[in-house]
Amino acid sequence: MATSSRIDPDLARTSTATGFRAEARGLLGLAWPLALSLVGSTLQGFVATALVGRVDAAELAGVALGNGIFFTVSITAAGIVFGIDPLIAQALGAGEGARARAILRQGLRLSVALAALATLTLVVAPYLLPLAGIGPDSAAAARRFLWARAPGATPLVLLVTLRSYLQARHATRPILLAAVVANVVNLVLAIPLVLGDRGLAWVGLGPLGLAGLGAEGAGIAGSLATAAQLGVVALGVRALGPAKGDGSLDVPLRLLLRLGLPIGLTVLAEIGAFTIAGVLAGRIGPAAAGGHQVAISVASLTFTVSMAIGDATSVRVGMAVGRGDASQARRAGLAGLALVMGWMSFTALAFLTVGPAIARLATDREDVLAVAVPLMTVAAAFQLSDGAQVVGAGALRGLGDTKPAQWANLVGYYVVGLPLAFYLAFERGLGARGLWWGLSAGLTVVAVTLVGRFLRMSKRPVARVE
């Protein structure tokens, strides 16, 4: 009796569904500690906002501007080093542990050079704020914050580099522990540095004659917390030991730059767009800048979970590519998208229902809240797009396909988002809400482009980046 070679479609569907669920569980197991660590990192900025928000609107506006500039510059530098992400993941997927370590060493060398350039940029940047129409009080506060925060650029870039290696090794405990240590250091230092004796009274301590430094105190605390975080992560890498396997140790710098420069430009385009929005909000007034900072701090907390899912997706896709498993690479990307859509649906609902209460955790100033609360509604509208674009970018990064995200962000934000934001804010008189609606439109363009690109690319045979 002849036997049929046709695959039972019900069995095929069951196998695919089982594989998808297994991939989703594996991805979630990697993503949740990364998410907690990123939330911890973002929480440092939220604490700074909450403390400085109790000083005055100009100091809060200075932190808003300074934070935006600091992360635009330093994360752009770190983004270039993200070129090691797919290389390390693909090397580990192929069982080439020695090559993964060689990639890390080359990434650290690149990090030192980029961090030096970032620090110099941060020192000079405050002199440009008056040219953007920022008021003298807000510009002065931003200058003091940036000069105190600039020394933290080097540990931040090195931290991101070591974190890429640890997450590719699925060694997330040092990353999580480092975030806890950084938050403790930041909180303990920021309370007296920002508020002085008033802050000590909050925690039941007697006066020591300390005058609060406001925005400058927040910058000092942030830099020292980042240095502590780097120390914990470095110890984690040292304790981990080498991965098994050999592989080529020849890792040319041009390979890292070929992958990393588009990622850096992608990060610059995205963060730069929100930084420009913060500067434009500063032109509207201190209350608008403060409201923008409160809302962006809250939205950043929820976005960090999406970032973690995107990072985990990049690792899972990259390791599947290293094994030459195209179907697994596609499943990893789709699982990441499913997880992030579920999370961002939850956060959108939270912003709509308890947004005002969340905003009051950051500031008690009614003029700032009058701006921040409506922005929470806009943030709810762009949650799904924001999650989809970061996971789409992560999935493409795992494939080694980094340039499309660069162009998608440039077009989405600078052809669509910012022009529309300027028009709505100043021509239509919507103020800060107009800025955010414009950025929301740009985010949607980026999300549709990147997800569509991954769906097309993941149908093709996969190959390692060489």
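The values are calculated or read from the model by the stated rules, or taken from the named source; none is laboratory data. None of the values given here were measured: they were computed from a predicted structure. Ideal geometry is used to build each Cβ from the backbone, glycine not excepted, and the neighbour counts take in all protein chains shown.
Here are a few things to note about the model shown:
- Flag for LEU339 being touching a Lys or Arg at 6+ places or on another chain (Cβ under 8 Å) and not acidic (Asp, Glu): no
- Sub-9 Å Cβ pairs linking a first residue in segment 107-123 that is within 24 Å of VAL63 (Cβ to Cβ) and of a type in the set (S, T, N, Q) to a second residue that is at pLDDT below 95 and surrounded by fewer than 21 Cβ atoms within 10 Å (Cβ to Cβ), at least 6 apart or interchain, are THR119/PRO151, ordered by first then second residue.
- Taking the listed residues GLY245, GLY322, the one that is more than 25 Å from VAL73 (Cα to Cα) and either part of a loop (DSSP other than H, G, I, E, B) or without any contact (Cβ under 8 Å) to a residue 12 or more places away in the chain (or both) is GLY245, with no other qualifying.
- Screening segment 79-163 for helices (runs of 4 or more DSSP H) wholly inside it with 3 or more residues that are over 30 Å from GLY324 (Cβ atoms) returns the ranges 97-124, 136-149.
- The set of residues in segment 252-292 that are surrounded by 21 or more Cβ atoms within 10 Å (Cβ to Cβ) and over 27 Å from PRO374 (Cα atoms) comprises LEU256, LEU259, GLY260, PRO262, ILE263, GLY264, LEU265, THR266.
- Subset of segment 359-387 (residues that are surrounded by fewer than 24 Cβ atoms within 10 Å (Cβ to Cβ) and under 30 Å from ALA320 (Cα atoms)): LEU384, SER385
- ALA289 under 22 Å from LEU435 (Cβ atoms), in a helix (DSSP H, G or I) and not β-branched (Val, Ile, Thr): yes
- Qualifying residue in segment 343-353 (condition: aromatic (Phe, Trp, Tyr), buried (at least 20 other Cβ atoms within 10 Å of the Cβ) and more than 19 Å from the chain's Cα centre (by Cα)): yes
- Only one of ALA269, ALA221, ALA227, ALA273 that is closer than 23 Å to LEU38 by Cα, of a type in the set (Gly, Ala, Ser) and out of contact with any Gly (no Cβ under 9 Å at 6 or more places or on another chain): ALA221
- Enumeration of residues in segment 437-466 that are assigned to a loop (DSSP other than H, G, I, E, B) and polar (S, T, N, Q): SER458
- Any chance ALA269 is within 24 Å of VAL81 (Cβ to Cβ) and in contact with an Asp or Glu (Cβ under 6 Å, 6 or more places away or on another chain): no
- Within segment 124-149, residues that are within 16 Å of LEU60 (Cβ to Cβ) sit with their Cβ atoms under 6 Å from residues that are surrounded by fewer than 15 Cβ atoms within 10 Å (Cβ to Cβ), at 6+ positions apart or across chains, in these pairs: ALA139/PRO130.
- Only a single criterion out of (1) touching a residue at least 60 places away in the same chain (Cβ under 8 Å); (2) in a helix (DSSP H, G or I); (3) over 22 Å from the mean Cα position of the chain (by Cα) is not satisfied by ASP364, namely (2).
- Yes/no for VAL416 being surrounded by fewer than 19 Cβ atoms within 10 Å (Cβ to Cβ) and among the hydrophobic types (A, V, I, L, M, F, W, C): yes
- Residues of segment 445-466 that are at pLDDT 95 or above and of a type in the set (Ser, Thr, Tyr): THR449 alone.
- VAL378 vs. criteria free of Cβ contacts under 8 Å to residues at least 40 places away in the same chain and at negative phi: no
- Segment 44-100 - residue that is charged (D, E, K, R) and over 17 Å from the mean Cα position of the chain (by Cα) and, of those, surrounded by the fewest Cβ atoms within 10 Å (Cβ to Cβ): ASP56
- Whichever residue in segment 321-337 is at pLDDT below 90 and of a type in the set (D, E, K, R) and, among such residues, is farthest from SER385 (Cα to Cα): ARG323
- Residue within segment 214-228 that is outside any strand (DSSP E or B), hydrophobic (A, V, I, L, M, F, W, C), farther than 18 Å from PHE46 by Cα and at pLDDT 85 or above present: yes
- Checked against the criterion of being out of contact with any strand residue (DSSP E or B) (no Cβ under 8 Å at 6 or more places or on another chain) and under 18 Å from VAL267 (Cα atoms), segment 314-328 contains one or more residues that satisfy it.
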